[in-house]
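All remarks here apply to the structure that follows.
Since every read-out is calculated from the coordinates, none of them should be taken as a lab result. Computed from a predicted structure; not experimentally measured. All Cβ positions, glycine included, derive from the backbone under ideal geometry; neighbour counts span all protein chains shown.
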Amino acid sequence: MNILGISCYYHDSAAALLVDGELVAAAEEERFTRRKHDFGFPSGAIDFCLTQSGLRGEDLDYAVFYEKPLLKFERILLSTLATYPRSYGVFRESMITWFNEKLWIKSQILTKLNLPENKLLFADHHMSHAASAFFCSPYNEAAVLTIDGVGEWTTAAVGRAQALWPGRENGRTENRIELLQEVRFPHSLGLLYSAFTAFLGFRVNNGEYKVMGMAPYGRPTRVEDVYKLIEVGDDGGFRLKMEYFSFHHSTSNTFNRKFIDLFGPPRVHDADFYTPAILRSLAKPGWNEETARVNQHYADIAASVQAVTEEIMLKMARHAHQLSGSKNLCMAGGVALNSVANGRIARETPFERIYIQPAAGDSGGALGAALYAHHVLLGKPRRFVMEHAYWGQSYDAERQQSAVSACGRTFELEPDLDRRASRIVDDLLAGKVIGLYQGRFEWGPRALGNRSILADPRRAEMKDIVNATIKYREPFRPFAPVVLEERAAEYYAGLGDVPNMYPLRYMLMVYPTLDGRGEQIQAVTHEGGTGRLQVVRREWNPLYYRVIELFGQATGVPVLLNTSFNLRGEPIVNTPENALNTFNKSELAALYMDDIIVRK
Ligand SMILES: [Fe+2]
């Protein structure tokens, strides 16, 4: 049984392929087209999935699209008509893209895959999200929470799921996901966060992380004002006060005059962000006190919208717990990438185990749609738990070596894993920043050791060095630590049952550092003493684990700085050529590419 899931035309297109219920390949389209957050038809990702499994399109039993286009079309029609003529712009623009592209999704998929019409299925957007988490988890039953910008109509849903594993009840299985309560467009926590993302000078659907990174530099002094925009019930249900927003009738603005009257003028798009605290530790040419003071006001707004988001998510999670009576929580949707809120849900709600898969946003809908079809529509038993994130494409030695030669560089071969690991550690101890490229690239937005840049986290200056010379990105943005799974609790407080907290594997939860520990790993400790840690186990990634283990033996600190292997504004590297391009354009000292070592 071969099932291909597809998501596209909103943001982060992707494809994922199941063979007999087991995931064999999954990738986001941006890695192939090199356009960040590419939302076009995912031809590159589909071709990769088929090639990886040795299948042709016509070998598929089903293709499944991650949402129902006609329901979505209906939502756009009805909601723009409700605000007509103010919404004329949105109406016109969306009609053009719908008639040019989106309404033809069915024939586009069938043509691409050479499939008959009866082999194409559609799943609800939030059902795809829910399935992407639950059917990757090891749980027999769980509470389900999905929160995003918007799907067809739903923007958040709470429910429960169950699926028995074969052999656990005479082999009989009944797989079910029930979304029992929902919030509908235009009331949306994701769109509220995005409105503030735009207000704070970042790109919507791209800069949400930056708002979260900015928040610890501020204090939540504007929480009351944020609550003027949103009414929240005890169960986490909410309604936006639409008189502050324009995303439902404008193509260019997400918030309006009334919003500006409340919060002041928006921050200049992509202007340098630095508060007085940042200015004191890192002064750059052109930076000044006055701008730092103004930025403090924006940081306080970021802290406030982040705090409100966390409060709402906590309420929703507690409600999901009551509704389901389960100790297990499965979360998905773009808002489930809010790793600060996720950490709080883990620490402050009664859930004992949490599952979020690495592509929690819309790219993950491709995987969820395929899983939903396999387990719920077709009723097939479960056989798969997602234990790691390495589902993308890999490239062989020949391709890697010719990529090195093509840019006029030479390489050394070091096939022994232990020796390679100790070479990496020698570099890190010498203060060098290195690229680690191996095997299949990661599924989802995070680099987790196969397309990573590594550095010594003990050196406070490493944060500025990596920001300024490698990543060319804003100095306020934090770097993340990677730590051996069994030693994470020596550094972070309140981790609970680490092996069962799957989001820790995927860098999806932020935790406070233990007293005195933050100072030892300054380059990966964010303002306020927190870290968005990744834990790693030898069986998931032997080389990565060995490097951290050896570094720990040499320094007493089994932690490294890990950031994604890419230049600012580019997707994470995919091919060896992408890796060498980043290596050549940055000040990375060495590139470790499977068995190959390239130096400058
Ligand atoms: Fe979504």
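Residues whose amide H falls under 5 Å from that of Ile230, counting only those 5 or more places apart or on a different chain, are Lys241, with hydrogens built in the peptide plane. Within segment 322-390, the trypsin sites (Lys or Arg not before Pro) that combine a DSSP coil assignment with at most 13 other C-beta atoms in a 10 angstrom radius are Arg383. Sites count as exposed loop sites when they are GluC sites (Glu not before Pro), lie in a DSSP loop, and have at most 16 other Cβ atoms within 10 angstrom; the longest stretch of the chain without one is 175-351.
Amide H contacts for Arg184 (H built 1.01 Å from N in the peptide plane; partners 5 or more residues away or on another chain; cut-off under 5 Å): Thr155.
For segment 1-114, the tally of Lys pairs with Cα-Cα distances below 22 Å comes to 7, considering only residues 8 or more apart or on different chains. Dipole magnitude for segment 266-371: about 340 debye, using +1 per Lys or Arg Cβ and -1 per Asp or Glu Cβ, origin at the Cα centre. Summed over qualifying helices (DSSP H, 4 residues or more, each -39500 (n - 2.57)) and divided by its residue number, the chain shows a 222 nm mean residue ellipticity of -10000 deg cm²/dmol.
Summarising the strand pairing of the chain, around 70 percent of its internal DSSP beta bridges are antiparallel. About its Cα centre, segment 96-144 has a charge dipole of approximately 220 debye under the convention of +1 per Lys or Arg Cβ and -1 per Asp or Glu Cβ, with nothing else charged.
Where a ≥ b ≥ c are the square roots of the eigenvalues of the C-alpha gyration tensor, would you call segment 318-402 rounded, which needs a/c under 1.5, or, failing that, prolate if a/b is larger than b/c, or oblate?
Numbers: a/c = 2.64, a/b = 1.57, b/c = 1.69.
It comes out oblate by the Cα gyration axes.
Does the chain come out rounded, prolate or oblate, given a ≥ b ≥ c as the square roots of the eigenvalues of its C-alpha gyration tensor, rounded meaning a/c under 1.5 and, failing that, prolate meaning a/b above b/c? Rounded, since a/c falls under 1.5. For Lys585, the aspartates and glutamates whose Cα falls under 16 Å of its own Cα, not counting residues fewer than eight places away in the same chain, are Glu570, Glu577. For the chain, the dipole from Cβ point charges (+1 on Lys and Arg, -1 on Asp and Glu) about the Cα centre works out to 660 debye, to the nearest 20. Cross-link partners of Lys315 among aspartates and glutamates, defined as those whose alpha carbon lies under 20 angstrom from its own and excluding same-chain residues fewer than eight positions apart: Asp148, Glu178, Glu182, Glu224, Asp225, Glu231, Asp234, Asp235, Glu348, Glu352. Between the residues Met127, Tyr217, Gly233, the greatest Cα displacement towards the positive end of the dipole of the chain, with unit charges on the Cβ of Lys, Arg, Asp and Glu, is found for Tyr217.
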